[in-house]
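In what follows, a single structure is set out as structure tokens and then discussed.
The values are calculated or read from the model by the stated rules, or taken from the named source; none is laboratory data. If you're wondering where the values come from, they're calculated on a predicted model, not measured in any experiment. Here the Cβ positions follow ideal geometry from the backbone for every residue, glycine too, while neighbour counts run over all protein chains shown.
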Amino acid sequence: MYKRVKGTDDIYGEDMKYWYFVEDVARETARLYGYSEIRTPIFERTELFVRGVGEDTDIVQKEMYTFEDKGNRSITLRPEGTAPTIRAFVENSMLATGLPKRLFYIGPMFRYERPQSGRQRQFHQFGVELIGSPSSLADAEAIVLADRFLKNLGLVDYTIKINSIGCEKCRGEYKKALKKYYENKLDKVCDDCKRRYETNVLRLLDCKVDVEYVKGAPKITDYLCDDCKSHYLETKEILDDLEIKYEEDPLLVRGLDYYNRVVFEIHHGKLGAQSAVGGGGRYDNLIKELGGPKTPSLGFAMGIERLIIAIKEENIPVDDVKNNEVYVAHLGERARVEAIKISEELRDSDISVVFNTMERGLSAQLKHAARLKCKLCIIVGENELERNIVILRNMETGEQIEIERDYIVGTTKEWIEK
Ligand code: HAM
């Protein structure tokens, strides 16, 4: 027997309703804020992520699914959606259609991480990118969108954490302070931290091992330049005016290199170790880095698997998918053709029908209908057809009536609704 690859999931059956629910709410919320959908390829040239996400990040160092294709190109399964979206924005000259541009995406991402609850190697994100606005209004709007999305899902047990990680200018001073702080701890920190100290000192704050040192590290917010300070302040003021609850976290730096200024993460109270349901922030230099003109932008992404765990943990009721409303059973040669005709008539009226395609007796067909949780069953029999009628049965109560051939659709609809 073949088994699925570790860290991947088969998504089907009862669980599907949660996926439809989250995806529908995501599309609807994105629509409310003027976003249009973009679908980029699942794989890209490796270089895009090395340049975009950053050479010294965990994603690029340890987590990418990278392979050579038959043309000796280095290809990577996308670990995230921002770099591909920006690649597409630049490549397709979307700048020409005016700024800001609002794009959203829903789809699978791939990271070679140690699988555990809420952490897979193939997972799915809903992400939005607001391209072309330097204003704190844009930062605030993205956070408001994220908040509305979570509220629309019915979630309450979450916390929005925000921080500003400044710009190149103020980060220079901060990096110096960080280096100084770690200078006399280098023999005590992990190998990754030793490397980060040399290559990208800000990444020291991502360390999951030397957390105690991270806690005591200097805070970036004490080093912000005046422009970054006021941008951060304005963003917070707008959130306050809109009564969006958030917490400031001066140690929040995010694990991807493209960010500057405002960054944020959303954590859910019942998710355990992998508590981040979403994260994002501003990335004013990424578009230039990827070959376009300097275009201030920002965005965020949410992990759909984690959102679904949160929805289940909060016992949020989610409607069943409206399929298998009616089962059409039949008995006898002539009845089978009439039954398929009746099924099509019901489908013409938007009723979901399971038609019996097996050579089975009536009791087996009724059992099948019950197993599929069909609400109603229409039984088409030879004798009944002689009398120009069929039987309509309520599978939950057992109540059944005879209906004339011409009234099947109308009466079935009434029974579905009652
Ligand atoms: P990220 O924080 O790496 O950001 O991922 C966003 C969310 O994806 C996480 O908060 C988490 O819910 C989910 N996620 C990440 N890795 C996994 C995993 N292995 N298994 C399950 N869920 C996972 C980004 O990806 C940025 N591109 C977000 C962004 C968009 N920033 C600006 N625009």
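Some values worked out for this structure:
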| read-out | value |
| --- | --- |
| Restricting the stretch 159-176 to residues that are under 9 Å from Ile220 (Cβ atoms) and among the hydrophobic types (A, V, I, L, M, F, W, C), the residue that is surrounded by the fewest Cβ atoms within 10 Å (Cβ to Cβ) | Cys170 |
| All positions within the stretch 320-360 that are touching a Lys or Arg at 6+ places or on another chain (Cβ under 8 Å) and modelled with pLDDT of 95 or more | Val326, His330, Ser349, Ile351, Ser352, Val353 |
| Residues located in the stretch 241-290, provided they are of a type in the set (Ser, Thr, Tyr) and at pLDDT below 95 | Ser275 |
| Among (1) modelled with pLDDT of 95 or more; (2) more than 10 Å from the ligand (Cβ to nearest atom) - the single one Glu113 does not satisfy | (2) |
| Strands (runs of 3 or more DSSP E) fully within the stretch 279-392 counting 3 or more residues that are within 16 Å of the ligand (Cβ to nearest atom) and under 30 Å from Cys228 (Cβ atoms) | 297-303 |
| Tabulated pairs, the stretch 162-187, first at positive phi, second outside any helix (DSSP H, G or I) and buried (at least 21 other Cβ atoms within 10 Å of the Cβ), C-beta under 6 angstrom, 6+ apart or interchain | Gly166/Leu224 |
| Among residues of the stretch 373-417, those that are closer than 19 Å to Glu344 by Cβ and exposed (fewer than 13 other Cβ atoms within 10 Å of the Cβ), counted | 4 |
| Residue that is nearest to Glu63 (Cα to Cα) [pool: residues in the stretch 226-263 that are touching a strand residue (DSSP E or B) at 6+ places or on another chain (Cβ under 9 Å) and among the β-branched types (Val, Ile, Thr)] | Val253 |
| Any hit, the stretch 399-411, residues being out of contact with any helix residue (DSSP H, G or I) (no Cβ under 7 Å at 6 or more places or on another chain) and either touching a residue at least 60 places away in the same chain (Cβ under 8 Å) or outside the structural domain of Val337 (by TED's automatic domain parsing) (or both) | no |
| The stretch 63-95, subset out of contact with any Ser or Thr (no Cβ under 8 Å at 6 or more places or on another chain) and among the polar types (S, T, N, Q), residue surrounded by the fewest Cβ atoms within 10 Å (Cβ to Cβ) | Asn72 |
| Some residue of the stretch 222-236 being surrounded by 14 or more Cβ atoms within 10 Å (Cβ to Cβ), outside any helix (DSSP H, G or I) and touching a residue at least 24 places away in the same chain (Cβ under 8 Å) | yes |
| From the options Asp69, Asp15, Asp24, Asp58, residue that is at pLDDT 95 or above and under 30 Å from Arg195 (Cβ atoms) | Asp69 |
| Those residues of the stretch 239-278 which are within 8 Å of the ligand (Cβ to nearest atom) and assigned to a strand (DSSP E or B), in sequence order | Glu265, Ile266, Ala276, Val277, Gly278 |
| Residue in the stretch 313-340 that is nearest to Leu155 (Cα to Cα), counting only those that are exposed (fewer than 13 other Cβ atoms within 10 Å of the Cβ) and not acidic (Asp, Glu) | Asn315 |
| Unmet requirement for Pro108, which otherwise passes all of (1) over 24 Å from Met94 (Cα atoms); (2) more than 10 Å from the ligand (Cβ to nearest atom); (3) surrounded by fewer than 16 Cβ atoms within 10 Å (Cβ to Cβ) | (1) |
| Test: residue in the stretch 183-190 that is crowded, with 17+ Cβ neighbours inside 10 Å and within 28 Å of Ala138 (Cα to Cα) | no |
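Listed here are the residues, each with its yes/no results for (1) within 13 Å of the ligand (Cβ to nearest atom); (2) modelled with pLDDT of 95 or more; (3) basic (Lys, Arg).
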{"site": "Gly118", "(1), (2), (3)": "yes, yes, no"}
{"site": "Arg121", "(1), (2), (3)": "yes, yes, yes"}
{"site": "Glu129", "(1), (2), (3)": "yes, yes, no"}
{"site": "Leu145", "(1), (2), (3)": "yes, yes, no"}
{"site": "Lys151", "(1), (2), (3)": "no, yes, yes"}
{"site": "Tyr158", "(1), (2), (3)": "yes, yes, no"}
{"site": "Gly166", "(1), (2), (3)": "no, yes, no"}
{"site": "Leu178", "(1), (2), (3)": "no, no, no"}
